[in-house]
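A.B. asks: Before I ask anything, here is the structure I am working with.
The values are calculated or read from the model by the stated rules, or taken from the named source; none is laboratory data. Note that this is a predicted model, so its numbers are computed, not measured. A quick note on method: Cβ atoms are made from the backbone with ideal geometry, for glycine too, and the neighbour counts reach across all protein chains shown. Accessible surface areas use protein heavy atoms only, side chains included; no ligands, DNA or RNA. Shrake-Rupley method; radii C 1.70, N 1.55, O 1.52, S 1.80 Å.
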Amino acid sequence: MIYPIVKYGQKVLEISAEPVTVFDGDLAKLVADMFETMYAASGVGLAAPQIGIGKRLCVIDITSGQDPQSKLALVNPIIVGTEGKVAQDEGCLSLPDFRASTTRPARVTVRAQDLHGEEFTMMGEGLLARAFCHETDHLNGTLFIQHLSRLKRDSIKRKIKRLMKAGEW
Ligand code: NI
């Protein structure tokens, strides 16, 4: 099932999500739906709050569905280590058509649980490191625009307000 994606302005995107405590068939179904939703939107990551579900859960596939091996579901993820810094253009399915150079760690180690509740640790570089940060941020109610300068952020917010007023958001 493809969910509609919640856009900036909805409260669920700006509050901390609740931990996942039940690892059952419903969780597996939700993750499958999140992958489907993410691929339909041509995204490389999607967090549960982006479909209106305030749970600490996200899916990532930096190949956008090209390589089944790179499908990652992170349940209750936490960033446990970071190294370096790199600025690159970043966007978000909840802020369609807005991209901005965003500084993130170059290497990121994340600890999470899988669909069965098993804990695992994984290191990512480049786009994967960026996705770990971006999606974990979502679970803490943080959007990538929080990492931009106030000037840049306010400019994006102003444009969104205009789109909202015009009924185009
Ligand atoms: Ni996002």
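A.B. asks: Please verify whether Thr136 is crowded, with 18+ Cβ neighbours inside 10 Å, under 30 Å from Gln113 (Cα atoms), of a type in the set (Val, Ile, Thr) and within 16 Å of the ligand (Cβ to nearest atom), treating the condition exactly as stated.
C.D. replies: The answer is yes for Thr136.
A.B. asks: All but one of (1) within 20 Å of Met34 (Cβ to Cβ); (2) in contact with a Leu (Cβ under 9 Å, 6 or more places away or on another chain); (3) of a type in the set (A, V, I, L, M, F, W, C) hold for Leu127, so report the exception by its number.
C.D. replies: Result: Leu127 fails condition (2) only.
A.B. asks: Which condition does Asp97 not pass, out of (1) away from the ligand (no atom under 16 Å from the Cβ); (2) loosely packed, with under 14 Cβ neighbours inside 10 Å, if it passes all the others?
C.D. replies: The one condition Asp97 does not meet is (1).
A.B. asks: Being part of a loop (DSSP other than H, G, I, E, B) and within 16 Å of the ligand (Cβ to nearest atom) is the filter here, so list the residues in segment 139-168 that pass it. Show your work before the answer.
C.D. replies: Kept after step one, since they are part of a loop (DSSP other than H, G, I, E, B), are these residues of segment 139-168: 140-143, 148-149, 166-168.
Asn140, Gly141, Thr142, Leu143, Leu148 - these are the residues of segment 139-168 that are part of a loop (DSSP other than H, G, I, E, B) and within 16 Å of the ligand (Cβ to nearest atom).
A.B. asks: Among the residues of segment 116-133, what is the count of those that are touching a Lys or Arg at 6+ places or on another chain (Cβ under 8 Å), farther than 14 Å from Arg56 by Cα and within 12 Å of the ligand (Cβ to nearest atom)?
C.D. replies: Adding up the residues that qualify gives 1.
A.B. asks: May I ask you to list the residues in segment 35-49 that are out of contact with any Ser or Thr (no Cβ under 7 Å at 6 or more places or on another chain) and part of a strand (DSSP E or B)?
C.D. replies: The answer is Gly45, Ala47.
A.B. asks: Still on this model: Return the total of residues in segment 1-34 being in contact with a Leu (Cβ under 8 Å, 6 or more places away or on another chain) and outside any loop (DSSP other than H, G, I, E, B).
C.D. replies: Going through segment 1-34 one residue at a time, the tally reaches 7.
A.B. asks: Right, here's the next one. Which of the residues spanning segment 11-21 are without any contact (Cβ under 8 Å) to a residue 60 or more places away in the chain, within 12 Å of Pro49 (Cβ to Cβ) and open to solvent by 80 Å² or more (accessible area, probe 1.4 Å)?
C.D. replies: If the condition is that a residue be without any contact (Cβ under 8 Å) to a residue 60 or more places away in the chain, within 12 Å of Pro49 (Cβ to Cβ) and open to solvent by 80 Å² or more (accessible area, probe 1.4 Å), then Lys11, Glu18 are the ones that fit.
A.B. asks: When you scan segment 139-166, how many residues do you find that are over 21 Å from the mean Cα position of the chain (by Cα) and open to solvent by 70 Å² or more (accessible area, probe 1.4 Å)?
C.D. replies: Counting residues in segment 139-166 that are over 21 Å from the mean Cα position of the chain (by Cα) and open to solvent by 70 Å² or more (accessible area, probe 1.4 Å) gives 8.
Residues checked against (1) part of a strand (DSSP E or B); (2) open to solvent by 40 Å² or more (accessible area, probe 1.4 Å):
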{"residue": "Val75", "(1), (2)": "yes, no"}
{"residue": "Thr82", "(1), (2)": "yes, yes"}
{"residue": "Cys92", "(1), (2)": "no, no"}
{"residue": "Met122", "(1), (2)": "yes, yes"}
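A.B. asks: Does Arg104 qualify as being touching a helix residue (DSSP H, G or I) at 6+ places or on another chain (Cβ under 8 Å), basic (Lys, Arg) and within 16 Å of the ligand (Cβ to nearest atom)? Outline the logic, then answer.
C.D. replies: Working: touching a helix residue (DSSP H, G or I) at 6+ places or on another chain (Cβ under 8 Å): yes; basic (Lys, Arg): yes; within 16 Å of the ligand (Cβ to nearest atom): yes.
It is true that Arg104 is touching a helix residue (DSSP H, G or I) at 6+ places or on another chain (Cβ under 8 Å), basic (Lys, Arg) and within 16 Å of the ligand (Cβ to nearest atom).
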